[in-house]
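The values are calculated or read from the model by the stated rules, or taken from the named source; none is laboratory data. It should be emphasised that the depicted structure is a prediction, and the values quoted were computed from it without experimental measurement. Methodologically, a virtual Cβ is constructed for each residue, glycine included, from the backbone with ideal geometry; neighbour enumeration extends over all protein chains shown. Heavy atoms of the whole protein, side chains included, go into the accessibility calculation; ligands, DNA and RNA do not. Shrake-Rupley method; radii C 1.70, N 1.55, O 1.52, S 1.80 Å.
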Amino acid sequence: MNDQTSYLDYNASAPLRPAVAEAMKNTMLLAGNPSSVHTYGRFARKQIDDARDLVATTVGADPTKLVFTSGGTEANNLALAGAGRTIRLVSGIEHDSVLAAAPEAVHIPVDQAGVVNTAALDELLAKQNEPALVSVMMANNETGVIQPLTEVISIAHNHNALVHCDAVQALGKLAIDMASLEIDLMTLSAHKIGGPKGIGALALRSNVEIEAQLVGGGQEGRRRAGTENVAAAVGFAEACVEIKKNENEIDRMLHLRNRFEELLRNQASNIEIFGHESPRLVNTCCLRLPGRTSETQVIALDLAGIAVSAGAACSSGKVTSSHVLTAMGVSPSAANESIRVSLGWATTENEIEHAADAWLELYNQTEDRPRRTTE
Ligand code: PLP
């Protein structure tokens, strides 16, 4: 393996922030079940409650209506199954955990720029004979394309539909105010912002309720049974503190992502970057190299010490063609030549240059690459 390593797969999972590890270590060493009435239990309860307050206030949510879950996947499943709506409309670019939780759902189309078609949503909702649940993510995990949520919510509420929003990738990269956006249910996950893996949350608007899918004890306001993962909740809250404290990370990520794309464009002027014409998350670049499959690119870059991913379709370690790109009208063969580069809190200029060099080397070795007119 190369001496230099560059981790550019933050949309899959960000490295744990040192402050998070420290906070979690201290909590893990404490005994006590938050449901116990003794001093140990009450201390653990306070830790969970404080963590809940912190996570909720970071995103303008009501702390009394924030349910800790085992991650974004569980929060999406809880929202889709527990909101009490049998008619469900989900965008075609949602994460697998939304699509699989509502296999019969009506799919809201997206355009070639990766943006949900709000006129189509309005028409689809008008055809339903009972109030629906609409699920549209805040920003896409593969392309980074930011969705027109204000419009989605206004249309959905006009039809008495509830809106669930998967904000997993937006957290830490966009300012989120659930209350002013009037989102009814919102999914979060800690490990995309440098918190621990295995914890997330479903935040409910003050007037929205959910039916528990995990039943047993009365934890989480009877919305999710099971002893709470106190250390992970504390870690999630600490990661939220860190993103607030380091708001300048957003500008830094944007600068580095733009620098990466500029370095590529200097040599590969007609490079295809999916969703670049839309508002995008500051940290994400989904790009295509004609003539090389996603898998070969990921492996070649890995050999050069660079970690990227072949879109989101590698959750089982198996690379399949991206449903996000195909929903945008990209042909399956072009989708199979795409990779996702995603940056985060610890990314350096050096890593960006390393990745750009390695990608350009691959590009220059590729027979089918689009030639510049001067070549
Ligand atoms: N939603 C989106 C948009 C994601 O990108 C992910 C993770 O890749 C998830 C949900 C699932 O979150 P978790 O890994 O916490 O289950």
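Within the full protein context, the accessible area of S269 is estimated at about 60 Å² for a probe radius of 1.4 Å.
Can you sort Y7, Y40 by solvent-accessible area, 1.4 Å probe, largest first? Could you put the intermediate results ahead of the total?
Details: Y7 80, Y40 145 Å².
Sorted descending by solvent-accessible area, the residues read Y40, Y7.
Note on the chain: Kirkwood radius taken over Cα pairs, Stokes-Einstein applied at 20 °C and 1.002 mPa s, translational D equal to 100 µm² s⁻¹. Residue ranking by accessible heavy-atom surface, 1.4 Å probe, largest first, among K192, K127 comes out as K127, K192. Based on Cα contacts under 8 Å between residues 6+ apart, the chain shows a relative contact order of 24 percent.
The trypsin sites (Lys or Arg not before Pro) of the range 221-275 include none that meets both conditions, a loop assignment by DSSP and at most 14 other Cβ atoms within 10 Å of the site Cβ.
Which entries of K65/K127; K127/K173; K46/K173; K197/K244; K25/K65 show an alpha-carbon separation above 24 angstrom in the structure shown? Kindly include the intermediate steps, with their values, before the conclusion.
On the way: K65/K127 31 Å; K127/K173 35 Å; K46/K173 29 Å; K197/K244 20 Å; K25/K65 27 Å.
Over 24 Å Cα-Cα: K65/K127; K127/K173; K46/K173; K25/K65.
One decimal place: the segment N270-R222 gains 11.9 nm when fully extended, by the rule 0.36 nm per residue minus the C-alpha distance.
Shown are H159, H107, whose ranking by accessible area with a 1.4 Å probe and every protein chain present, most to least, is H107, H159.
Only beta bridges with both residues in the chain are counted; by DSSP, about 55 percent of them are antiparallel. Each residue was assigned an accessible area with a 1.4 Å probe, and for H157 the value is about 50 Å².
Would you mind telling me the share, in percent, of accessible area of the chain contributed by carbon and sulfur at probe 1.4 angstrom? Please report the intermediate quantities before stating the final value.
Numbers: 8070 of 15710 Å².
Carbon and sulfur: 51 percent of the exposed surface of the chain.
Using a probe of 1.4 Å, the accessible surface attributed to L99 totals some 30 Å² when neighbouring protein chains are kept in position. Over the range 1-150, accessible surface divided per residue gives 43 Å², non-protein components excluded, 1.4 Å probe.
Between E182 and T5, the contour length at 0.36 nm per residue exceeds the Cα-Cα span by 59.5 nm. Applying the criteria of a DSSP loop state and at most 11 other Cβ atoms within 10 Å to the GluC sites (Glu not before Pro) of the range 95-199 yields E104.
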